Protein chains: 2
Amino acid sequence: MPTYTPPLRDMQFVLHELLKVTDEYKQIPKHADVDVDTINAVLEEGGKFAAEVTFPLNISGDEEGCKLNKETHEVATPKGFKEAYQKYVEGGWPALSCDPEYGGQGLPFTLNQNFYEMLNAANQAWTMYPGLSHGAYEALHAHGTEEQKKKYLPKLASGEWTGTMCLTEPHCGTDLGMLRTKAEPQADGTYRITGNKIFISAGEHDMAPNILHLVLARLPDAPQGSKGISLFLVPKFNVNADGSIGSRNGIYCGGLEHKMGIHGNATAQLVLDGAVGTMVGEPNKGLQAMFVMMNAARLGVGNQSLGLTEVAFQNALAYAKDRIQMRSLSGVKAKDKPADPIIVHPDVRKMLLTAKAYAEGGRALANFCALLLDKELHHPDEKVRKDSAELVALLTPIVKAFITDNGWTATSACMQVYGGHGYIKEWGMEQFVRDARINMIYEGTNTVQSLDLLGRKVLGNNGATLKKFGKLVAQLVEEEGVNEKMSEFINPVAYLGDQMTKFTTELGFKGFQNPDEVGAAAVDYLRVLGHLVFGYFWARMAQVALREIEAGNKDPFYQAKLQTARFYFARLFPETATLLRTARAGVKNLLDTDAALA
Amino acid sequence: MPTYTPPLRDMQFVLHELLKVTDEYKQIPKHADVDVDTINAVLEEGGKFAAEVTFPLNISGDEEGCKLNKETHEVATPKGFKEAYQKYVEGGWPALSCDPEYGGQGLPFTLNQNFYEMLNAANQAWTMYPGLSHGAYEALHAHGTEEQKKKYLPKLASGEWTGTMCLTEPHCGTDLGMLRTKAEPQADGTYRITGNKIFISAGEHDMAPNILHLVLARLPDAPQGSKGISLFLVPKFNVNADGSIGSRNGIYCGGLEHKMGIHGNATAQLVLDGAVGTMVGEPNKGLQAMFVMMNAARLGVGNQSLGLTEVAFQNALAYAKDRIQMRSLSGVKAKDKPADPIIVHPDVRKMLLTAKAYAEGGRALANFCALLLDKELHHPDEKVRKDSAELVALLTPIVKAFITDNGWTATSACMQVYGGHGYIKEWGMEQFVRDARINMIYEGTNTVQSLDLLGRKVLGNNGATLKKFGKLVAQLVEEEGVNEKMSEFINPVAYLGDQMTKFTTELGFKGFQNPDEVGAAAVDYLRVLGHLVFGYFWARMAQVALREIEAGNKDPFYQAKLQTARFYFARLFPETATLLRTARAGVKNLLDTDAALA
């Protein structure tokens, strides 16, 4: 059976030593009082919750799955899920970074980020229930009417009720412009909504007495395509004026999907049969309103794979130290044993360090983004708010796609460390791989992320936002360019930064002549930029570690950080050598293939 | 539901146009009569069997799995498996490439190779039952006594009984030297065998009335380690002198593993409780005898992923043509539809072509190896036999590791083409991914393969065998070096060949000084060599295609081949740019990591 230890030390390193978040929060009146002790205490408690309450339900939840009662349309979640959720609510966890006006604790996103990393590591399927609620909370908070906010936000902040996002229909996933669900206005200002939704995560369950579905649908007179979509709040049970639960609304679970993983989460087909809803935001502008949720969800999906990468690493490391098999090629290491622990083998270390480097690089990036969100929302300086918003928009597809692709690689590598045992369910490793696989798909496939990054976020404003990130890199290069000890980390980042600047310009020209060139390069481009971003953070982490070591700090944590940074630059970062070639390979070898794909 | 069409045209291309096997067989008296029509007819029939009999059981077999009756120790295979096996036996398929002396048809291995590719594509879990039998047949044929051969080989050749290989124990997989199962000699020349085996594929089932287990065990006076292991034949039911089934032997299924995939195959824990066995080969030389089986099995595992890559490709291609979603970036392509089929998107094509290029490259290599096996066994010229044996030994770890790693990439890419539907069981794609995952692990993990390749097969004889492959490359370069149309294919192969020669020498020196350098480079080295081999075959396939096109052949098959070759060199082969760097990165960044892996 696998184990999970919350990576508190590394989180503290990222928050306090790398990003110095409390210094940043001092500039933000709303968070000025958030100090190191508060942060550490919350994360410690949050880690306990993840490790002790939801992690023990991870394998059993996978085995048991969710069950639909076809007569009542009710879904039973795996044993223990409901009770764990109750504890989560009682602990006040849903309110962590919610608005105090609606019962939230108003703490920074960085806390939520790390708490959710631990929840995802412990049990991705369970965590999706409260995770989706938080997205619904954000969308309502940003676009709901005063009445909607007063009525519903406290229920989401307390966790009493949960939320979903209902976008996909059988014939449309990426292409929401094709959606058909209809919303007919009623005399009382409500809407009657009819249609079929699929792939609705946490779409039906027994963990809370009500579910608030945020549903995309079309008004009768709506323009065709994506400009004719509106957003509606459709509760499972209608809510009385006093906030109490009323009659059952016409939204039912018609089936559950049988999936590769995340079995503990109910992926529901929802039938809307004249369900009563109220509009969120403006008519025909539902996609904009939903995008608040989508962006949060995309960061959240990256965070899911970050958690899985960490937990897979921890277990593979323990196994590699424990399992004895063969001798080291350079001579016996464990003389008292009939074989050496497999961690003596270089390739076993490579697999472990791949996961470690991806986990810690991902943690730095994800926290950097969470801090940007805090600034975007609450910094007093408008320019800081705007810059932060742009930078987080640029980095969101990287968090989503790069971290989830890395998570797939890393969980699979960690499973490989176990040899045959990795393929056996009871060891828990193959579940991490299966669960991690969905993260490359939902909330916009990783291909869609790459088009969003290259087409919209990079070329869409002629590289202006990318230059903002480039400035951070240039600052670091300037700071450390003459420090010989840092050159092994700084040089590759500086070099790749230069290459990317040229390559981006080149792609801009090519894409102008033929937009398909953008599609042909985008996925590889995203991975190169991902390594530039990870390389930047690994260089900064090495910088912190080197300074501590030079100042005489004997904590082996800093040596570990330095070793992992060296591994990253030696073994993972060089992927860019190939990616720059393939990203440059052009569209011809892909599109002149009609005979091959006949 | 997925579909499967046997790729007969491409098999015929590889056999008749690329390798010209019938010309080769004319040199081998045993196979001199095997003509094109015979080959094509057998493959057509074999393809029908796979597509019509076992493919329809693939998803149901995965859902149902195998069930152990703990009282009787009997295993029930999924519905239909037994009947399909009966048809397989009735069709005479087990005998295809078995020795006529024992009831076989004596046909070349290339036929078995392609037949098994189709069986694996159709249903890997089912195919493992007869597949393991074939390995047992090979080991007995090579090392059994006359009595054993006469008694058992006809039963395996006819498929009346099946076979297994029993190596792994809970504490030892790779490191067979540690195995503990004991064999005590009896007065009558038999042995009483006691111990516990795990991970025994097809280890117990209801498809045949008897199972012949080939079991590794230790004699009482055996030396420690791998030089004290002997091989025994242990039938599930003892066999009477007349060949009829006798009493139940003391080998029982104690449990079945719950696995990520290949659910239809019974992965058995076997308890040997004084089971009666007879020795195969010489005392303490069991590993050598078992290696006959292992080498065949390793080629067989590569073939499993080859099959899965092909079937995943076929389905993803059909889906990509059918599913409409979004418009092409370069303008509307399907004006009559509300969206374009997703195959218009460059990255969707990239995913599809990745699978196609890996499938067709793998098919060329696997058939080349099968032909080498035919020459090794039956060519009249001893030098040809020896050269063939050496070359196939060099290529075996590449077939096993490179094709299975590619299969993981390819099945996952094909699943990705489906978006969210790829994650849903009913579409069948996620099963291909789960099934493909075991192939990177069993019969020696891919890390073990890479050590076998670099340490034993390449450096072990100072690169002499590698030079034999290098000669083939040099020949091709010489043949086509001045043909401008071939330069796009020849140049990268020639260049990589030169780099590999230098790099191998370099590694030899480094490994001499520190053997861990071999372990640190081996996995990446194998992938580079894999691309060199695939590059060689893709260049040769392009050569054939170009010649046909230049001769006026209008069959679009040749355009398809050329397009896929171009894709391979533009998008997959450049992986070597990174691999050469990481393989050269040395051992320090892996082994100086005690703090990071504390």
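The values are calculated or read from the model by the stated rules, or taken from the named source; none is laboratory data. Every value quoted in this text rests on a predicted model; they were computed, and no experiment measured them. As a convention, Cβ positions derive from the backbone with ideal geometry for all residues, glycine included, and neighbour counts pool all protein chains shown. In case anyone asks, the SASA skips ligands and DNA or RNA and just uses the protein heavy atoms, side chains included. Shrake-Rupley method; radii C 1.70, N 1.55, O 1.52, S 1.80 Å.
A few remarks follow.
- A:Phe509 farther than 18 Å from B:Pro574 by Cβ, surrounded by fewer than 20 Cβ atoms within 10 Å (Cβ to Cβ) and free of Cβ contacts under 8 Å to residues at least 24 places away in the same chain: yes
- Listed by first and then second residue, the pairs with beta-carbon distance under 6 Å, at least 6 apart or on different chains, first residue in region A:3-27 and over 18 Å from A:Thr309 (Cα atoms) and assigned by TED's automatic domain parsing to the domain that holds A:Ala50, second open to solvent by 20 Å² or more (accessible area, probe 1.4 Å) and in a helix (DSSP H, G or I), are A:His16/A:Val36; A:Glu17/A:Val544; A:Leu18/A:Val544; A:Thr22/A:Val36.
- There is at least one residue in region A:195-216 that is within 14 Å of chain B (Cβ to nearest Cβ), open to solvent by 40 Å² or more (accessible area, probe 1.4 Å) and either closer than 19 Å to B:His421 by Cα or in contact (Cβ under 8 Å) with a residue 40 or more places away in the chain (or both).
- Any chance A:Glu517 is in a helix (DSSP H, G or I) and surrounded by fewer than 19 Cβ atoms within 10 Å (Cβ to Cβ): no
- Residues of region A:475-496 satisfying the condition of being open to solvent by 50 Å² or more (accessible area, probe 1.4 Å) and assigned to a helix (DSSP H, G or I): A:Gln475, A:Glu478, A:Glu479, A:Glu484, A:Lys485, A:Glu488, A:Asn491, A:Tyr495
- On inspection, B:Gln105 passes the criterion of being farther than 30 Å from B:Glu63 by Cα, of a type outside the set (Lys, Arg) and away from every other protein chain (no Cβ under 14 Å).
- Selection status of B:Glu117, open to solvent by 30 Å² or more (accessible area, probe 1.4 Å), of a type in the set (Asp, Glu) and closer than 19 Å to B:Asn303 by Cβ: no
- Region A:575-594, subset at the interface with another protein chain (Cβ under 7 Å from one of its Cβ atoms) and touching a Phe, Trp or Tyr at 6+ places or on another chain (Cβ under 8 Å), residue farthest from A:Val493 (Cα to Cα): A:Thr593
- Among the residues listed as A:Ala142, A:Ala187, A:Ala157, A:Ala183, the single one being open to solvent by less than 10 Å² (accessible area, probe 1.4 Å), of a type outside the set (Lys, Arg) and out of contact with any Cys (no Cβ under 8 Å at 6 or more places or on another chain): A:Ala183
Residue by residue, here is whether (1) open to solvent by less than 40 Å² (accessible area, probe 1.4 Å); (2) within 14 Å of chain B (Cβ to nearest Cβ); (3) assigned to a strand (DSSP E or B); (4) under 30 Å from B:Gln431 (Cβ atoms) holds:
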position	(1), (2), (3), (4)
A:Cys253	yes, no, yes, yes
A:His263	no, yes, no, yes
A:Ala268	yes, yes, yes, yes
A:Ala275	yes, no, yes, no
A:Gly307	yes, no, no, yes
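- One residue alone among B:Asp340, B:Asp336, B:Asp322 is over 30 Å from B:Ala217 (Cβ atoms) and away from chain A (no Cβ under 13 Å), and that residue is B:Asp336.
- In region A:548-574, the qualifying residues are those that are more than 22 Å from A:Asn491 (Cβ to Cβ) and within 9 Å of chain B (Cβ to nearest Cβ), and the one that is most open to solvent (accessible area, probe 1.4 Å) is A:Pro556.
- Some residue of region B:137-147 being farther than 30 Å from B:Tyr358 by Cα and part of a strand (DSSP E or B): no
- Which listed residue is in contact with a helix residue (DSSP H, G or I) (Cβ under 7 Å, 6 or more places away or on another chain), hydrophobic (A, V, I, L, M, F, W, C) and assigned to a loop (DSSP other than H, G, I, E, B), from B:Ala545, B:Ala522, B:Ala596: B:Ala596
- Flag for B:Ala595 being buried (at least 18 other Cβ atoms within 10 Å of the Cβ) and either more than 23 Å from B:Ala366 (Cβ to Cβ) or at pLDDT 95 or above (or both): no
- In region A:108-126, the residues that are more than 24 Å from A:Thr411 (Cα to Cα) form Cβ pairs under 6 Å with partners that are part of a helix (DSSP H, G or I) and open to solvent by less than 10 Å² (accessible area, probe 1.4 Å), at six or more places apart or across chains, as follows: A:Pro108/A:His31; A:Pro108/A:Asp374; A:Phe109/A:Ala370; A:Phe109/A:Asp374; A:Thr110/A:Val21; A:Thr110/A:Asn367; A:Thr110/A:Ala370; A:Thr110/A:Leu371.
- Taken over region B:96-113, the criterion of being open to solvent by less than 10 Å² (accessible area, probe 1.4 Å) and either under 17 Å from B:Met207 (Cα atoms) or assigned to a helix (DSSP H, G or I) (or both) is satisfied by B:Thr110, B:Leu111.
- Subset tally (residues that are without any contact (Cβ under 8 Å) to a residue 60 or more places away in the chain, touching a strand residue (DSSP E or B) at 6+ places or on another chain (Cβ under 8 Å) and not hydroxyl-bearing (Ser, Thr, Tyr)) for region A:406-435: 3
- From B:Glu282, B:Glu360, residue being touching an Asp or Glu at 6+ places or on another chain (Cβ under 8 Å) and either more than 14 Å from chain A (Cβ to nearest Cβ) or open to solvent by less than 40 Å² (accessible area, probe 1.4 Å) (or both): B:Glu360
- Condition check for A:Ala122: under 22 Å from A:Pro6 (Cα atoms), open to solvent by less than 30 Å² (accessible area, probe 1.4 Å), touching a helix residue (DSSP H, G or I) at 6+ places or on another chain (Cβ under 9 Å) and not charged (D, E, K, R): yes
- For beta carbons closer than 6 Å, sequence separation of 6+ or different chains, a first residue in region A:32-57 that is touching a residue at least 12 places away in the same chain (Cβ under 8 Å) and a second that is among the hydroxyl-bearing types (Ser, Thr, Tyr), the qualifying pairs are A:Val34/A:Tyr25; A:Asp35/A:Thr22; A:Val36/A:Thr22; A:Ala51/A:Tyr4; A:Phe55/A:Tyr4.
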